[in-house]
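Before any comments, here is the structure.
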Amino acid sequence: MNYKLLNFQTHGDERGTLVSLESNKNIPFDIKRIYYMYDTSPEWVRGKHVHRKLQQVLIAIDGACTIVLDDGKARHEILLNRPDVGLYVPAYVWREMRDFSYGCKLMVLASDVYDEKDYIRDYDKFLEEVGK
Ligand code: T46
């Protein structure tokens with residue numbers, strides 16, 4: 001499965017740490033949208049869908065959560081718990097976000113604007129499309 005963990009360069013000194021994210025440099029696409037989620041909690045699962053075109057990088061900028069990725073052949077669980085690590089998720093990979101720690105802030109950089117038509121929210125339909 002061609003997801004990637006991206007280790008971002010940090011700029012740290014006694015004042016703290018800074019991470020810079022740039023399109024087509026340490027983020028492998030043009031960033032067209034940024035969104036984030038907070039006030040999550042461990043009992044909720046988010047995601048449960050696939051994107052037909054969208055590429056994204058997910059960063060737990062505070063706290064931790066587990067990302068489950070499934071390309072129809074294999075399933076991987078990735079723990080995100082560092083603000084200097086991003087998870088690149090390509091198109092046609094089913095994703096679920098779960099086990100949010102209280103206070104987790106998950107930021108997502110996306111390669112395109114929001115478009116509900118890009119989503120497949122039914123797992124069997126996803127398998128049908130990737131099988132084509
Ligand atoms: C994804 C995972 C990682 C908008 O109006 N604009 C937006 O840009 C987004 C992302 C969502 N919304 C609305 C649509 C829904 O009414 O916000 C509501 C919650 O969205 P959703 O249930 O799709 O959220 P998640 O956390 O299940 O999934 C999100 C992204 O939608 C999705 O692209 O890959 O995070």
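The values are calculated or read from the model by the stated rules, or taken from the named source; none is laboratory data. Please read all numbers here as calculations on a predicted model, not as lab measurements. Quick reminder, even Gly has a Cβ in these numbers, built from the backbone with ideal geometry, and neighbours come from all protein chains shown. SASA here: full protein model, heavy atoms, side chains in, ligands and nucleic acids out. Shrake-Rupley method; radii C 1.70, N 1.55, O 1.52, S 1.80 Å.
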DSSP-assigned coil residues among chymotrypsin sites (Phe, Trp or Tyr not before Pro) in region 28-72, each with at most 15 further Cβ atoms within 10 Å: 38, 44
GNM top mover of 15, 75, 46 - the chain, alpha-carbon springs below 10 Å: 15
Given the chain, longest segment not containing exposed loop GluC sites (Glu not before Pro) (DSSP; at most 14 other Cβ within 10 Å): 44-132
Farthest toward positive dipole pole in region 24-83 [+1 Lys/Arg, -1 Asp/Glu at C-beta], among 41, 76, 57: 57
With every protein chain in place, region 48-100: carbon and sulfur % of accessible area (1.4 Å): 47
Among the listed pairs 53/105; 53/117; 25/117; 73/117; 32/117; 32/53, those beyond 19 Å (Cα-Cα): 53/105; 25/117; 73/117
Per residue accessible area of the chain, 1.4 Å probe, in Å²: 60
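Output the relative contact order of the chain, whole-number percent, from Cα pairs under 8 angstrom with separation of 6+ residues.
The value is 34 percent.
Enumerate by residue number the chymotrypsin sites (Phe, Trp or Tyr not before Pro) in region 103-132 meeting two conditions: DSSP loop (anything except H, G, I, E, B), and at most 11 other Cβ atoms within 10 Å of the site's Cβ. Intermediate results must be reported in sequence, preceding the final value.
On the way: sites: 114, 119, 123, 126; in loops: 114.
The qualifying sites are 114.
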Two-decimal log10 I(q)/I(0) for the chain, as the Debye equation yields it once each C-alpha is a single scatterer, q = 0.09, 0.12, 0.16, 0.22 Å⁻¹: -0.26, -0.46, -0.82, -1.44
In region 54-102, the chymotrypsin sites (Phe, Trp or Tyr not before Pro) that fall in loop regions by DSSP, at most 10 other Cβ within 10 Å: 102
Charge dipole magnitude, Cβ of K and R +1, D and E -1 - the chain, Cα centre, debye nearest 20: 260
Ranked order, 125, 73 - accessible area, probe 1.4 Å, largest first: 73, 125
Cβ-defined net charge surrounding residue 36, 14 Å radius [Lys, Arg +1; Asp, Glu -1]: +1
Over the chain: helical MRE at 222 nm, DSSP H runs n ≥ 4 each giving -39500 (n - 2.57), nearest 500: -2000 deg cm²/dmol
